[in-house]
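A short worksheet on the structure shown next.
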Amino acid sequence: MAIARLSVKVGKVGKALAHAEYIEREEKYALKKNQDLEYSEAGNMPRWAEENPKLFWQAADLYERKNGSTYREFEIALPRELSPEQRIELIQDFIDQEIGTKYPYQLAIHNPKAMDGLEQPHAHVMFNERLQDGIERDPEQYFKRYNSKVPEKGGAKKDNTGKDYKTRKDEIKDLRQRWEDMSNLHLERAGLDTRIDMRSYKDQGIEKEPEKKLLPSQAKDPTIRDALMQSRQADRLVQQYDLGDLSQDLEQLQLGKSLAQDIEQGKAEVKANFEQFKAQALQQLREQQKLEQEQAKLKSSRGMER
């Protein structure tokens, strides 16, 4: 089964430009550009940032209100089973579905080597939730408060605000389901049997703890790497040989063990009851023999008296 992972992150004021440089592998991250940057693009940018998306994120850091957010990001694992071109098509279709023409966005696909030595493709979709409404605004005005009565005098309207925790949580769950549906459609189109499942292990009925993300220092530790690879290999063997639901098998074994214990206990009780019955019968037999002996003695003594 292909890797299933989608997380949603929020960037605060002062973080947007640095993060854009990180996903684009620019400035201090430039050394990694030729190592793992597989693809990048930007879309829906205002006119003044169309040629240079970094200007947009720089303006967001400068002019967005201090306690506001400058970007939201989808970080998504892409199926390594797909080709690079197929992965680009998949993430572009997802962007069209989830962002469309509403928000300015920047996309980067990274493909470093995984711990097993194979590809680890994943996408960073970074977007700003101020709606594109066709009104031309300079960088400073763009990030001002929205004016509902005279939109051209205020900033671009900020979407997706004022939601409580439960609503956000439900929306992320629905988002992951849509990613699962989109990914599996593309995997099917590619003629592949593998699929992704965005449900938690608990919802899938699998008694397994989610794999914890390692720190870079931990990932370089050969002992930790070997332990993790052995764990993953064990999981693959379970799937390969179709060992079924081990938790259910264990439950059946425990049920069988309990039944065997009940049978043994029943046999012991029968045996104990039989031993008790045998002892009582033996006692009655002895008492009967004793009574008969007494009667014989009494009869014999009367015969002698005559």
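The values are calculated or read from the model by the stated rules, or taken from the named source; none is laboratory data. A quick note: this is a predicted structure, and the numbers were derived from the prediction, not measured. Quick reminder, even Gly has a Cβ in these numbers, built from the backbone with ideal geometry, and neighbours come from all protein chains shown.
A few comments on the model shown:
- Scanning the stretch 23-72 for residues that are aliphatic (A, V, I, L, M) and out of contact with any strand residue (DSSP E or B) (no Cβ under 9 Å at 6 or more places or on another chain), we see that the one that is nearest to R137 (Cα to Cα) is A59.
- Hey, G191 at pLDDT 95 or above, of a type outside the set (S, T, Y) and within 28 Å of Y142 (Cα to Cα) or not: no
- Residue in the stretch 27-57 that is nearest to Q120 (Cα to Cα), counting only those that are at pLDDT 95 or above, charged (D, E, K, R) and surrounded by 15 or more Cβ atoms within 10 Å (Cβ to Cβ): E38
- Residue match in the stretch 131-150 (condition: crowded, with 20+ Cβ neighbours inside 10 Å, assigned to a strand (DSSP E or B) and either of a type in the set (D, E, K, R) or out of contact with any strand residue (DSSP E or B) (no Cβ under 6 Å at 6 or more places or on another chain) (or both)): no
Matching residues to (1) in contact (Cβ under 8 Å) with a residue 12 or more places away in the chain; (2) in contact with a helix residue (DSSP H, G or I) (Cβ under 9 Å, 6 or more places away or on another chain); (3) among the hydrophobic types (A, V, I, L, M, F, W, C); (4) in the same structural domain as I135 (by TED's automatic domain parsing):
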residue: K15; (1), (2), (3), (4): yes, yes, no, yes
residue: E26; (1), (2), (3), (4): yes, yes, no, yes
residue: K33; (1), (2), (3), (4): no, yes, no, yes
residue: D36; (1), (2), (3), (4): yes, no, no, yes
residue: E41; (1), (2), (3), (4): yes, yes, no, yes
residue: P46; (1), (2), (3), (4): yes, yes, no, yes
residue: K66; (1), (2), (3), (4): yes, no, no, yes
residue: E73; (1), (2), (3), (4): yes, yes, no, yes
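- Scanning the stretch 154-170 finds one or more residues that are within 30 Å of T194 (Cβ to Cβ) and part of a helix (DSSP H, G or I).
- Residues of the stretch 202-222 include at least one that is among the hydroxyl-bearing types (S, T, Y), modelled with pLDDT under 60 and part of a helix (DSSP H, G or I).
- Failed condition for D96, given (1) surrounded by 14 or more Cβ atoms within 10 Å (Cβ to Cβ); (2) closer than 30 Å to Y29 by Cβ; (3) of a type in the set (D, E, K, R): (1)
- The set of residues in the stretch 164-201 that are surrounded by fewer than 16 Cβ atoms within 10 Å (Cβ to Cβ), closer than 14 Å to R5 by Cβ and of a type in the set (F, W, Y) contains only Y201.
- When each of D138, D133 is tested for being assigned by TED's automatic domain parsing to the domain that holds A42, acidic (D, E) and under 37 Å from the mean Cα position of the chain (by Cα), the lone residue that passes is D133.
- Only residues that are among the hydrophobic types (A, V, I, L, M, F, W, C), buried (at least 17 other Cβ atoms within 10 Å of the Cβ) and out of contact with any Phe, Trp or Tyr (no Cβ under 7 Å at 6 or more places or on another chain) were counted across the stretch 58-78, and they come to 3.
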